[in-house]
Each structure stands twice: as structure tokens, then as C-alpha cells.
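The values are calculated or read from the model by the stated rules, or taken from the named source; none is laboratory data. Given the structure is predicted, the values throughout are model-derived calculations rather than measurements. All Cβ positions, even for glycine, are placed from backbone atoms using ideal geometry, and neighbour counts span all protein chains on display.
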Amino acid sequence: MIIPIQKTSSEVKNFVFSPYFGDGLRITFGVVFPSLILAQFNLLQVGITVSLGALCASIVDSPGPITHRRNAMFFTIAIVAVVSLLTAFCNFSVYLLGMLIVGLTFIFSMLYVYGTRAASVGIAALLIMILGIGDIRPLPEILLYSLNIFVGGLWYIALSLSLHRIMPYRQARLNLGECLIEIADFMRIKAGFYQEGMDYDKNYKKLIEAQITVSEKTDAVREHLYKSREIVRENTQEGRFLLVIFVDMVDLYEQIMSTFYNYQNLHKQFDKTGILTDFENTLNLLAEQIEEIGASLKDGTNPHLSLKLPRKIKDLKLEIEALVALKELESSTVNFSTIGLQALRNIEVNVENIYLRIKKIREYFKDKKLKTLVKNDIKIASFISHQEYELDNFTDNLNLKSEIFRHALRVSGIMLVGFIIAHSFNFLHSNWILLTIIVIMKPAYSLTKERNLDRLIGTVAGAFIGMVILHFVMDTHLLFAILLICMLGTYSFQRKTYLVSVVFMTPFILILFDFLGMGSRALFIERVYDTLIGGGLAFIGSYILLPNWEYEKLKKTLIEMLEANLAYYHQVSQMYFGVKYDRIPYKIIRKEVFVRSANLASGFQRMFSEPKHKQLSINEIHEFSVLNHLLSSYVATLALYASEHFEKIPDFEGLQVIAQNTENMMKEAMKIIEKSEFIDKESIQIIKQKIIADQDEESQIVIPEQFMNIQKVAYDICKISERIRL
């Protein structure tokens, strides 16, 4: 398969202007610089220690508000300095060292209760502990070693904060641009449903994976924008610019989400006409426009709107009118229904609305240049969560019901086993075995399994590449250049693709050790051995030692998904019965639907990676997930119509019975899954309500049909819920 050069070039450009590459450059410079400078004064060993402190600080310097990053980095360097002292003092006794490993591993693994950034603090502390094992020094050197680590951390913090001060909006722009590019990919997958001969299950799986990514990116951008003082105050055009684009980006995502139909029926009716292929091409063009806006945010240019799009949309309208005319002639060759034609109309309107929203976002670039952007009236505090760092959070999780507590016990137990094995065989390195365990073991079995495979494959491939480099490259300057490239690759991909990061990391370590005169071939063999042992222990531990299986948590996830969709449907349906559209409550509820949809998709995906006998009701949960996505899409369609035409909505009082029945069925579905209350199965039925409407009004045909579709989906959710066994 030949990959177009233009596409490859675009992907490379997107990566170079991505936050991942920016992080890689910052970390590489922050880690290398102290060693380079101090090496000039014959203090390379001191420089490596200072670089180690910088590396520890970089671990918690993940994307987010600068205040969170700064506080985490200062806390980290204080913790790692103390841990380095404790490790050095315990090195004189193997028993004290074993107790320290178990104790610190448990405490720092428990930091997951405070979120991922706090967990990163624990990783940094455990890294310094592991690297310090077996490094026996006299007291003055111990104190100097810890001081150098602390200084290295301070150097990195100064670098990171200085870069932020010089470019305060750079990280936010990169993250926002990355999010838009992911939304463009999501839209391309949606466009795939219009392709003739499409594998619906395969495409839906890709859609779910993309939905998880978009949700994660959107949450990250929301946290960054809404918790950054410079942006929240909106004192600058740049801050206002980023906020208005984000708000419209989420609306755009909802617009794309709402285009979900019974594609099998559409293909049966319209494949021969070619209109579905035209829809696919138009949607792909729109995705290109979204991607261009994302790329423009990242590289600071202005996006351009394609002149093809207005013509394409106009052609779609004409094609639909031609099909309607053909239907009215009652030709014998026509095999499509009125409902099918109405679906095409709905899709065309949605396509046009997506184009108008893209056009609106494009106008913000002009407004920013003209300095005419005004402040946003969104109540930001309503959309952000606050992490509480209370001791009660920690102590409340000290029980076997807590997933984090079981994870902490599991990791500390396996770390002790790894330490004992390493000390039983002289040719093994406890540092690498323990480091492999810490990096691989995650609270979820599926994540541990994935990391394990990535670590093993990446280590073997990277070690082979490293040995080839060391065998053929003799020039030290060229070797150093390759070392820098490998470091850059390691740090650029560590938050994006772990496998690629490990492939870069292993040659980097081998070349570094070669520079330090610590051997190469023997190191290659030892690293593979240690990785195999550490990975094997991590895998066995995650499987047999207080494992966390996904089915144990899915019941709660399914109910939360139904609760979110019920609240979303209730909020939207009331707009058709006289309740005015209120943007803030609506957007809060919509956000919950997006988050919980992603949670359900993530849970299902993790369950799919677990052993077969732990995949309970996996087909039913997949169907439940599809139905909930369909429900959210239908409700989004109602919401968009209501928000844009609220003043023109006709009287739909007759639909209240259907709306109430739909809500009742969703509540019954929750009871069925929970199995904690009496279930009234007689209430699980579809009500057919005849709506007297002016047939000249398109809305009076489309809206009742949409309410009926949602009711049918709610009924199907009830039925599939009865078959779920968790």
C-alpha cells in the first residue's frame, strides 16, 4: 500500500507542532543541559545526578494549568530528595532496603486516589528509589547526591516556568489544535458509515476508540483553559480567542455526534443513486477543514475555507430534490421510502450546520486579528472539577473494596518478589527488574497487559537497534547526535505511544552506558533478561494477586450512562413543551453524557482485553453501548433543532405521553441492571401516539418521528439490559 507523500508530510507536520514533540524538546534539553555543562568541568557524574533530578521534575510536568504543574514539580523535588536520602541510608542493610521498597511502593501507589498528576509524583519518587538501590556512599556523598538531585529539579522548574512565561498560551493552543484534529478523525470515521460495503461493527469499534480519545482530549483542554488564570480572566484577545473556539468546538462535536442513522436501511434504499457516496465525500471535506483549523492553531497560521464545500452542499440538496420528485412519480424503479428521504434531508441539514459552525470558528481568526473578540458569558466554574487533597481521601481507600488499595498491595508485593529474585542471582539487576514492574503495573489488568507487550517488544527491538548503532558508528560526535535523537523520541512519545517510546529508550540507554564505559553486549543481554523477569512478574501479579476485573465495575458504569442520558433527554424534551432553552444547565448535562459515554467505551474496551472467562455479557454490553450512542445522537439532534428554532417550535403537547414513557423505560432499565428494586415489566412497552400536525411543516413530521425513535431505543435498552449478567 502506497502512502501519499502529502498525507505523510501533513502527519509529520502535525506531530512536530503537537504538544508531545514540544514536551519532548523541553524535557530533552532540561535533562541533557546540566550534564553537558558540568562535563566541561570534569564533573560528568555530578551532571548526571543533576540531570536525574531534572528528569524526576519532568515526570509531573504534564499538560495542564501552570499552577498545578508548578506546585506538583516543587512537591516532587522535595519528595525525591527525601526518598534518595532514605534509600541511601537503607542500602547498608538488605532487610531495611526490602522494607523500604514495600513501604514506599505501597504509599506512592496509593496516590492514584488523588488523580493522575499525584500518581506521577509517586512514579518519580519510586524512580529515584529504584535507581538508588545498591549505590552505597559515605555520608557526605549521600547528602551531596540528594542536594544535586534537588538542584536538578529546581533547574528544570526554572526552565519550564520560563518557557511558559515567554509563551503563556502556547501549550493551550497546541492542546486545542490537537483536540480539533482528533474531532476531524472522529468525523472521518462517521463518514465511513456512508461507504458502500462498510463493515459496520468494525467501523463502530473505531468510532468508540475515537470517542474515547476525543473525550480525553476535550477534558484535558477544558481543565487547561478553565483553570488557567490568564485565560479565564479573558484580559487578552488570545485568551478570549481560545475560549470561544473551545466552546464552539464542543458544539461542533455535538453536531457531528447527532448524525447517526440506520445506515443499513439507507444503503439498501440509496446505494444505486450514489448520494451516500456524495455524503461521504462531503463529510470528509468537512473533516479536512476541521483538521486545517487545528493545524492553524498549532502553527499560528490562518485557515482557509474550501470553495468546494458550498457547491457540494448545494449539489446534495439538488440530488435529494430529484429523488423526491422521482418518488412522487411513483416509478416502479423506486424502492425508497418517505422516511428514508426525510433521513437524507436531516443529514443534509446537519452537514450544512456543521459547515456553518466551521465557518463561524474560522471567523474568530479574523476577529482576533481585528481585536474585536468579546468576553464569553459561560460560567466557567460550573464546568470544572476540583481535586481535594484531604487525608480522608487516602484513609477512606484503605480497604479491599478500593481498586487503588488492591493495586497498591499488588504492586508492593510484586516489587518485594522482584527484589528477592534479583538478590538471589548475581547476574540480575534489581534496578531494571523493579523499574519494569513499576512502569508496567497499572490498576487495570488490560492496561498492564498492553504495557507489558509494548515494553517487551520495544526493549528487544530497541536493544537490537542499539547494538547495530554501537557496532557500526565509531564517531563519538555522531553517537552523541544519535543519543539526543533517541532521547527526543523517548520523551516525545512517552505520553503518546509507549511502544515507540521504549524503542527509542533502549538505544538511548545502551549508548549512554557505552559513553560511561559500562559495556554494551552484556548490557543488552541483561536488559532483555531483566525486562522479561519484571514483565513476567507484573503480568502474573496483575492476574492472581487481588486482580481488578472490569465486569466488577461495569454495573455502576452502565447505570451512570443511563442516568446521564436520562437527564440529557429530560432537559432537551422539555424544550418542546414550553421550557426555555438554558445554555448553562444544558451544556453541563451534555458534558456528563460525553464523559460517561467515554467511560463506558473505555470499560468495554478494557474488558475486551481481559481473559475470555472474565468477559461477562460482552456481546450484550457492546449492544448496550451502541444503543446508548444512538440514543445520545437522537437527543443531540432534538437539542440542536430546539436551540436554533426555539421561538418557532410548534405545539407538541401530544408528545408528552411518549416522552414520559421513554423516561420511565430508562428508569426501569436502571432497575433491571441494578436488580435492587421491583421491576414493572408491564411498563416496558412502546406507546403509539397519533400526532395531528400540519403536514406542510417539516418540523411536525421530523420531531414526532425523532421522539418515537428515542422511545424505540429506550425500549431496546430495557430488553438488552435484561440479558446482561454481571
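Some observations on this one:
- Pairs, first under 27 Å from L252 (Cβ atoms) in the stretch 335-356, second basic (K, R) and at pLDDT below 80, C-beta under 9 Å, six or more apart: L341/K327
- Within the stretch 192-214, the set of residues being closer than 18 Å to K272 by Cα and at pLDDT 85 or above comprises G192, F193, Y194, Q195, E196.
- All of S58, S62 fail the test of being surrounded by 20 or more Cβ atoms within 10 Å (Cβ to Cβ) and in contact (Cβ under 8 Å) with a residue 12 or more places away in the chain, apart from S58.
- Annotation: F425 fulfils all but one of (1) closer than 24 Å to A119 by Cβ; (2) surrounded by fewer than 21 Cβ atoms within 10 Å (Cβ to Cβ); (3) aromatic (F, W, Y); (4) over 32 Å from the mean Cα position of the chain (by Cα); the unmet one is (1).
- Which numbered condition G152 misses (of (1) in contact (Cβ under 8 Å) with a residue 60 or more places away in the chain; (2) farther than 22 Å from I37 by Cβ): (2)
- Subset of the stretch 672-711 (residues that are at pLDDT 70 or above and surrounded by 17 or more Cβ atoms within 10 Å (Cβ to Cβ)): I672, I673, I684, I703, P704, Q706, F707, M708, N709, I710, Q711
- Of all residue pairs spaced 6 or more apart or on separate chains, those with beta-carbon atoms under 6 Å, a first member in the stretch 112-132 that is free of Cβ contacts under 8 Å to residues at least 12 places away in the same chain and a second member that is part of a helix (DSSP H, G or I) are A119/L111; A119/Y112.
- T87 being more than 18 Å from T490 (Cα to Cα), of a type in the set (S, T, N, Q) and under 26 Å from the mean Cα position of the chain (by Cα): no
- Condition check for I320: of a type outside the set (D, E), under 14 Å from L341 (Cβ atoms) and surrounded by fewer than 20 Cβ atoms within 10 Å (Cβ to Cβ): yes
- Only a single item in (1) in the same structural domain as Q574 (by TED's automatic domain parsing); (2) in contact with a helix residue (DSSP H, G or I) (Cβ under 7 Å, 6 or more places away or on another chain) is not met by Y586, and it is number (1).
So that you can scan it fast, the table gives a plain yes or no per residue for (1) at negative phi; (2) outside any helix (DSSP H, G or I); (3) not hydrophobic (A, V, I, L, M, F, W, C):
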{"site": "P507", "(1), (2), (3)": "yes, no, yes"}
{"site": "I511", "(1), (2), (3)": "yes, no, no"}
{"site": "E526", "(1), (2), (3)": "yes, no, yes"}
{"site": "P547", "(1), (2), (3)": "yes, yes, yes"}
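Condition check ((1) of a type outside the set (D, E); (2) in a loop (DSSP other than H, G, I, E, B); (3) modelled with pLDDT of 95 or more) across all residues:
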{"residue": "N265", "(1), (2), (3)": "yes, no, no"}
{"residue": "Q269", "(1), (2), (3)": "yes, no, no"}
{"residue": "D278", "(1), (2), (3)": "no, no, no"}
{"residue": "N281", "(1), (2), (3)": "yes, no, no"}
{"residue": "N284", "(1), (2), (3)": "yes, no, no"}
{"residue": "E288", "(1), (2), (3)": "no, no, no"}
{"residue": "E291", "(1), (2), (3)": "no, no, no"}
{"residue": "L297", "(1), (2), (3)": "yes, no, no"}
{"residue": "N302", "(1), (2), (3)": "yes, yes, no"}
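- Any hit, the stretch 456-471, residues being at pLDDT below 90 and in a loop (DSSP other than H, G, I, E, B): no
- Selected residue (criterion: modelled with the highest pLDDT) from residues of the stretch 373-411 that are under 28 Å from I588 (Cα atoms) and among the β-branched types (V, I, T): V374
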